[in-house]
């Protein structure tokens, strides 16, 4: 499974010398927690949405209205190819969370 980072790390572990953060956890140390496991890798749409959300928050979005506005400014459309509204954003987040 290439979509569970605990089973296949995507980068080499690096020590962190910040106080209290000196332990590198091994992937095998974690149970396969259901809410951290996906049944399949993210789709291209999900990856693009995640990137767009990251950009929205980096640009200063703090409210739901801000997030929706930033997604629309970026040209990120819903899975149906429509601009985002508060309702479609909330519905999509609920749908993706239940996946």
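Rule-based calculations on the coordinates, nothing more; no lab input. All figures in this text were calculated on a predicted structure; none of them were measured in a lab. With ideal geometry, Cβ positions are generated from the backbone for all residues, glycine too; neighbour counts draw on all protein chains shown.
Among the residues making up segment 53-89, a single one is in contact (Cβ under 8 Å) with a residue 24 or more places away in the chain, part of a helix (DSSP H, G or I) and surrounded by 13 or more Cβ atoms within 10 Å (Cβ to Cβ): 89.
Do you know which of the residues in segment 38-48 that are assigned to a helix (DSSP H, G or I) and free of Cβ contacts under 8 Å to residues at least 40 places away in the same chain is surrounded by the fewest Cβ atoms within 10 Å (Cβ to Cβ)?
Initially, segment 38-48 is screened for residues assigned to a helix (DSSP H, G or I), giving 44-48.
Going one step further and asking which of them are free of Cβ contacts under 8 Å to residues at least 40 places away in the same chain, we end up with 44-45, 47-48.
On the way: 44: 8, 45: 14, 47: 11, 48: 14.
Once the filter is applied, the top-ranked residue is 44.
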